[in-house]
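Each reported figure results from applying straightforward, stated rules to the coordinates on display, with no laboratory input. These numbers were taken from a predicted model, which means no experiment stands behind them. Cβ: placed from backbone, ideal geometry, glycine included. Neighbour counts: every protein chain shown.
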Amino acid sequence: MKMLKYITVFLFLLGTGLLQAQVKFEAKVSKKKLGINERLRVDFEMNEDGDNFNPPSFEGFRVVGGPNQAISNSWINGKRSFSKTYTYFLAPQSQGSFTIGQATIDIDGQTYKSLPVSVQITAAVDIPKDGNNAEYLASENVHLIAEVSNPNPFLNEAITVTYKLYVSYEVNISNGWREIDTPKYADFWSQNIDNKGNLKVYEGKYKGEDYRYVILRTTVLYPQKTGELNIEPLTLDIPIDVRSNKRDLFGRYLMKRVNKTISAGSRTIKVKPLPMEGKPDNFTGAVGDFSFNVTPSRTQLDANESLELKVAVSGSGNLKLFDLPSITLPNSLEMYEPTREDNINTKTSGMSGTISENYTIVPQFKGTYPVRPISFSYFDPSTETYKTLSSEEIILNVENGPITNNTTQESNQTSQKQAVTLASDQFKYIKLDANLKPIESSSFFKSTVFWAAMGAPLVIIPLFIFFGIKRRERLQDVEGIKLRRANQLAKKYLSEAKKNLKHKEAFYESLERALHNYLKAKLQLETSEMSKEHIATLLRERNVSSEVVNDFTTLLKSCEFARYAGASQGSIESDYQLAVTSLSHIDKQFK
């Protein structure tokens, strides 16, 4: 009996081993040697259904298609045949020898691994010009073009890059294309005008042939450096339906889908510097065609009343990339920090609209005050000359209020000192009739007020001593004083950004403007010198730590990316806190 039991267990284990040996999981490639411009198909095939499929990393390749899953389950002469396949399409990224690593799958509680497969990538090969080859037809009938409006602009002059996808009438594509590489536009201020949600098909010519095309995107660029600047290529993975040689039951050609990676190619822009000849002293980097106005809300008012003085620049050009001229007023006019308003639209031709600063002014004394003309200079690329616009002189008449000898009187009479004449009602606010009343007789001694007056010094004196000690400690804490001042300075520059924390676009625009204004104040930089590399170099020369410099350049990158990429509320708040911390540390370490 024992022998029979052992034989039964042995046969059971042997059967289980044979069943497990029948499970197959292997990797198959379409070819083991291919050109860098070709595509590799990788199939992970199994003969039993499994779960938790885990592909390899595909190091050295870019996944341009997949995973596609196919299942085949059939019965032939009573025998079941099962097959499940995961398919990937890969694009080589460089020449050399690469290995497709192991994939894993769980089948009946067991983990199976595929064997690694070696693939040799050679230089680009000529795609056979075969009218029956789907890859060749796809490459010959679909083209992605980057059209640049002006390849040789001036510094800060607007240019546009228009990405057009040309498709011949021999093939069809769907909206299932996706971006693989998106240009970052280093050394440019950029804003995308995306048309993906509303694509319109146009008729056109490509190399003399009739094509259809769609405008995928238009990007507005303002170069921030001179010399040769590169625009990175836009690369797409596009599913293309190509006519095959097979026909259906009605004689119509069947279509074969091919995934094709198409790139617009890189472009080089040669940026010209602005001429030094004729450059005005008050030029702050404005490039375009502008008008300039300074308008008061009113010119007649009384002392301690307020008026609004608006300084505005309107037109088309780099409106977000320069500062408005400041105004200077007599000391008798109290002026508050201006509030900025931007009403800017970015179209395919560039930025246009109005930027303005509103000053609140409160006169303290009666008199006549002139607001001298203010000048604004800009460079006009159409005429390649500098132009200067000036406002009209504004006269403010303060009709009622106290008189001061320092008030500037604008009249035809010579200003003379006059004796101060006291009016009859000069002291009308002083109460001469005291109207005193006797105090009611009461026992003050040992009253509540008496004991409170006696005990108050015992409490107040220790408090004064305590706060005095704390005050001396704060005054002796030099590092703490620097840090507090730096925090106050940072919050002053970032006040506008803080108001716009709930509005992504307005927040990043005001944050970028605050960072630029801070750099201009600390490093005496012009807008044209605001490249991240130059800023990092100058900060390190002033003994600012690399960590703080990296945080600051990260903020500048966040401002650039936010123009065409999404940002969550959490990232906006973290960027604001990072800005406060970065400016505080820079001001503390700056030497």
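Residues whose amide H falls under 5 Å from that of L155, counting only those 5 or more places apart or on a different chain, are K272, L274, with hydrogens built in the peptide plane. Legend: calculated FRET efficiency, S174 to S97, from the Cβ-Cβ distance at R0 = 45 Å, rounded to 0.05, equals 0.80.
Any idea what the dipole of the stretch 19-122 comes to, in debye rounded to 20, about its Cα centre with Lys/Arg Cβ at +1 and Asp/Glu Cβ at -1? For the stretch 19-122, the charge dipole is close to 440 debye.
Each of K256, K205 has some number of other Cβ atoms within 10 Å of its Cβ, and from fewest to most they run K205, K256.
At a 10 Å Cβ-Cβ cut-off, how would you order F82, F322, fewest neighbours first?
With the fewest neighbours first, F82, F322 line up as F82, F322.
One quarter of the convex hull surface, Cα atoms only: what value does that give for the stretch 19-122 in nm²?
So the Cα hull casts an average projection of 7.0 nm².
First measure r as the distance between the Cβ atoms of E341 and K588, then evaluate 1/(1 + (r/R0)^6) with R0 = 30 Å and state the FRET efficiency to the nearest 0.05. Walk me through the numbers on the way to the answer.
Numbers: r = 33 Å, r/R0 = 1.10.
For R0 = 30 Å, the calculated efficiency reads 0.35.
Rounded to the nearest whole Hz, the Karplus-based 3J(HN,Hα) values (6.51 cos²θ - 1.76 cosθ + 1.60, θ = phi - 60°) of the stretch 293-302 follow the sequence 9, 10, 10, x, 5, 6, 10, 10, 6, 9, with x at glycine and proline.
Just list whichever of K200/K246; K184/K225; K200/K272 have alpha carbons separated by over 24 Å in the model shown. Going by Cα-Cα distance, K200/K246; K200/K272 fall outside the 24 Å limit.
Straightening the chain between E308 and R257 buys 11.8 nm, computed as 0.36 nm per residue apart minus the Cα-Cα spacing.
Using the Cβ of V548 as centre and a radius below 12 Å, the other residues enclosed give a net charge of 0, where K and R count +1 and D and E count -1. Pairwise Cα separations in the stretch 134-271 fall into 5 Å bins from 0 onward with the following percentages, short to long: 2, 9, 18, 19, 16, 13, 10, 6, 3, 2, 1, 1, 0. Annotation: amide H-H contacts under 5 Å for I374 (H modelled 1.01 Å from N, sequence separation of 5 or more, or interchain): S391. For the stretch 204-242, backbone nitrogen atoms closer than 15 Å to the point 7 Å from K557 Cα along Cα-to-C-beta are found at no residue.
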